[in-house]
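To keep things clear, I will list the structure first and then write my remarks on it.
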Amino acid sequence: GGVSNYIIYPTPYLQQSEPGCVIRNINFLFHKFPSYTPSSSKMVSYSKFSILSIAASTIGAFASAHEIPNGMDTSKYASKLKHTLVNSNLRQDDSPHSKAGKEGKKLKKGKDTKGAVYTMTNDVENEILVYSRDAKTGQLTFEMAEPTTGTGGQRAGVSVSSVIVAGECLLAPNSGSHDITTFRIKSPSEIEYAGKFESNGFLPMSLAEKEGLVYALNSGGSGSIQGYYLTQFNCGLIPFGSPVELRQNVDPGQTEAPITSAVVLPSEVVFTPQGDLLVIIKINDALLNSETEGTTAGPGSLNFYEIDPTDGSTSDDALTVVPVSLNGVGTIPFAFEADEDGRTIIVEAASTILGSSGAIAIYQNGELVERVQTGENGSCWVAYQREGSCIYTSQTSNSNISSLTLKNGPLELVDSIAVDVDVPVDMRLSTDERYLYVLSNGDLNGDTSHIIVYETFEDCHLNEVQSMGDGFTQMGIFAGSFADLNFEVGVAVYGL
C-alpha cells in the first residue's frame, strides 16, 4: 500500500508497520459488521478517516472477543490505537480516495469505457436512478431505480450535492425521514443498498466527503452539520461527536421550515481545497419563526469551519463567517466551486432585492476578489471546467445556462445564455470534464424530468449530445405548485 494506504489483512495479530499502519486481525471487526465476509486473499484499502471508523468499531469488538471484564476502562486502548493511526506517515494527496468526493475513482484507461450517472427522485418513496455512461460519447443508458428505503419530498431541490460518490459508495440524504442512505457501487450499471443512518438533525439536504470523512448538512430549524467516518468495505457511516448547530437565529422549536421558506434554507456543505468545511447559508436568520418569517432576514454567508486534522471534527469555535453582500445589500449565495489556484467560486442567485440578476463571485482568503453578473435571474448551480477555465451556472427561473471564463485572468462573461434548458436544477461535469450532465425538471407544460448531456469546449460553448428521459416518472416542477419544490435532485458521476 505504500505510504498512503492502510491495508487490512485477515491474519492473527495487530501491529504497526513502517511507514503506514497495518491492522492484521480483522476477524474480530466483523462482530460489528457480520454482513461482510473477508477472504484470505482480499485486501481492502482505507484512507485516514476511514481507518478511524474501523478503529472505533474494533475497540468494542476487541473487548468482546478477548473477554475484557465489564466495567474495565478501555479508553486507553482506543486512545493508543487512534494515536497510532492518525500519526502514521500518511500522504493524503495520493490516496485512492483523494478525488472521490464528487466524481469517484477513475476506471483504468483502455480496459473499461463505462461509468455511471446518478440522480435522486426525492419522491415520498425515494429512489436513486442509475444510468450507465459511455465515456467516449458521453451518452447515458437507463439501468435501474433503487429504493433508498427512506422518504423524500421535503424541498431538497434547493440544495447542492444531494447525491455524492465516495470511492465505491454512493450516498444520498432522505429529507423526509431525516436520514442518509448508502449504496455499494457494484458496477457502472448496478448499485446495492448498504444501509441507512440517522442524520441527527432535520431536513438533511447536502453531503460532503473527503478521505473517508463525511459531513451532512441538516437544513431544518437553525440547521446543523454532523460528521461521520465512512467505511469503504461496507459503505457504512459511523457518526462522531454531536451535531454542530449553524450560527443562525431561528426558533429552536421550529424543526421544519415553512414550505414558502424553502428557497432560503442552507444549500450546501462542501470541503474546500484548503481542507476546511464550507457551509453556504443563502439568507441568515430568514426563518426566525413561522409567524415573522423573513422579517429579519440578513445577508447570506459563507461559513468556513476549520477541520481538526487528528479526528476530522469541528466546532462553532472553529468557524469563520464571511457575509455576502453587494453595495451593502445582502446577496443569496447558492453553490461552490474552486479554480486551479484554490480560490472560491460562488454562485449568487440574486440580491435580496427582487429583480437583480444572478452573479459569479470569486473569493480568496475570505475576501471578495471580483464579481460578474450573469444578466439572468435565479443563478443556482455551478460547474468549473479547467481546460478552458470555464464556469457554467444554471438559471432555474430563466431556464438557461450562462458561461463565464477565467482564461484571460479576470472573470469575464462569455454568454448570458449559452444554452436554453427547461428548469435546470443541478449539474455535474464528467471526471475528464468533456461532458456536462444537467438535470432538467421538465417544462412549462409539465413534461417529465430528464438529463441533458452537453459536450464542453475550450471556448466555453456547449453542444447538446443527448436528452435522456428514461427512468423519470414524476411530472415537471410546473405541473404542481412551485412551493412544493418536490422534484428530482442531485447529479453524481462515477468512473471515467
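The values are calculated or read from the model by the stated rules, or taken from the named source; none is laboratory data. For clarity, every value in this text was computed on a predicted model and none was experimentally measured. Ideal geometry is used to build each Cβ from the backbone, glycine not excepted, and the neighbour counts take in all protein chains shown. For accessibility, only protein heavy atoms count, side chains too; no ligands or nucleic acids. Shrake-Rupley method; radii C 1.70, N 1.55, O 1.52, S 1.80 Å.
With the requirement that a residue be of a type in the set (S, T, Y), part of a strand (DSSP E or B) and farther than 14 Å from V491 by Cβ, what does the stretch 122-171 give you?
Within the stretch 122-171, S132, T141 meet the criteria.
If we scan the stretch 441-450, do we find a residue that is outside any loop (DSSP other than H, G, I, E, B), buried (at least 20 other Cβ atoms within 10 Å of the Cβ), at pLDDT 90 or above and touching a strand residue (DSSP E or B) at 6+ places or on another chain (Cβ under 6 Å)?
Yes, some residue in the stretch 441-450 is outside any loop (DSSP other than H, G, I, E, B), buried (at least 20 other Cβ atoms within 10 Å of the Cβ), at pLDDT 90 or above and touching a strand residue (DSSP E or B) at 6+ places or on another chain (Cβ under 6 Å).
Determine, yes or no, whether V423 is over 18 Å from I283 (Cα atoms) and touching a helix residue (DSSP H, G or I) at 6+ places or on another chain (Cβ under 7 Å).
Judged against the criteria, V423 is a match.
Being open to solvent by less than 60 Å² (accessible area, probe 1.4 Å), outside any loop (DSSP other than H, G, I, E, B) and modelled with pLDDT of 85 or more: is that true of V347 here? Can you show your working first?
Details: open to solvent by less than 60 Å² (accessible area, probe 1.4 Å): yes; outside any loop (DSSP other than H, G, I, E, B): yes; modelled with pLDDT of 85 or more: yes.
Against the criterion (open to solvent by less than 60 Å² (accessible area, probe 1.4 Å), outside any loop (DSSP other than H, G, I, E, B) and modelled with pLDDT of 85 or more), V347 qualifies.
A quick yes/no check of all residues on (1) assigned to a strand (DSSP E or B); (2) at pLDDT below 90; (3) under 13 Å from I452 (Cβ atoms); (4) open to solvent by 10 Å² or more (accessible area, probe 1.4 Å):
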site: Y384; (1), (2), (3), (4): yes, no, no, no
site: S397; (1), (2), (3), (4): no, yes, no, yes
site: S402; (1), (2), (3), (4): yes, no, no, no
site: N408; (1), (2), (3), (4): no, yes, no, yes
site: D422; (1), (2), (3), (4): no, yes, yes, yes
site: M427; (1), (2), (3), (4): yes, no, yes, no
site: D432; (1), (2), (3), (4): no, no, no, yes
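So, T231, is that one open to solvent by less than 10 Å² (accessible area, probe 1.4 Å), among the hydroxyl-bearing types (S, T, Y) and farther than 25 Å from P266 by Cα or not?
It is true that T231 is open to solvent by less than 10 Å² (accessible area, probe 1.4 Å), among the hydroxyl-bearing types (S, T, Y) and farther than 25 Å from P266 by Cα.
Let's see how each residue does on (1) modelled with pLDDT under 95; (2) outside any loop (DSSP other than H, G, I, E, B); (3) of a type in the set (V, I, T):
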| site | (1), (2), (3) |
| --- | --- |
| G201 | yes, no, no |
| L207 | no, yes, no |
| Y229 | no, yes, no |
| V244 | no, yes, yes |
| Q248 | yes, no, no |
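Which residue out of S187, S206, S199 is of a type in the set (S, T, Y) and open to solvent by 20 Å² or more (accessible area, probe 1.4 Å)?
Residue meeting the stated conditions: S187.
Within the stretch 157-171, identify whether any single residue is open to solvent by 10 Å² or more (accessible area, probe 1.4 Å) and either without any contact (Cβ under 8 Å) to a residue 12 or more places away in the chain or farther than 24 Å from I280 by Cβ (or both), and answer yes or no.
Yes; the residues of the stretch 157-171 include at least one that is open to solvent by 10 Å² or more (accessible area, probe 1.4 Å) and either without any contact (Cβ under 8 Å) to a residue 12 or more places away in the chain or farther than 24 Å from I280 by Cβ (or both).
For the stretch 172-184, which residues satisfy the criterion of being within 24 Å of P424 (Cβ to Cβ) and either crowded, with 24+ Cβ neighbours inside 10 Å or in contact with a Lys or Arg (Cβ under 8 Å, 6 or more places away or on another chain) (or both)?
We begin by selecting, within the stretch 172-184, every residue within 24 Å of P424 (Cβ to Cβ); these are 172-176.
Listed by number, the residues that qualify are A172, P173, N174, S175.
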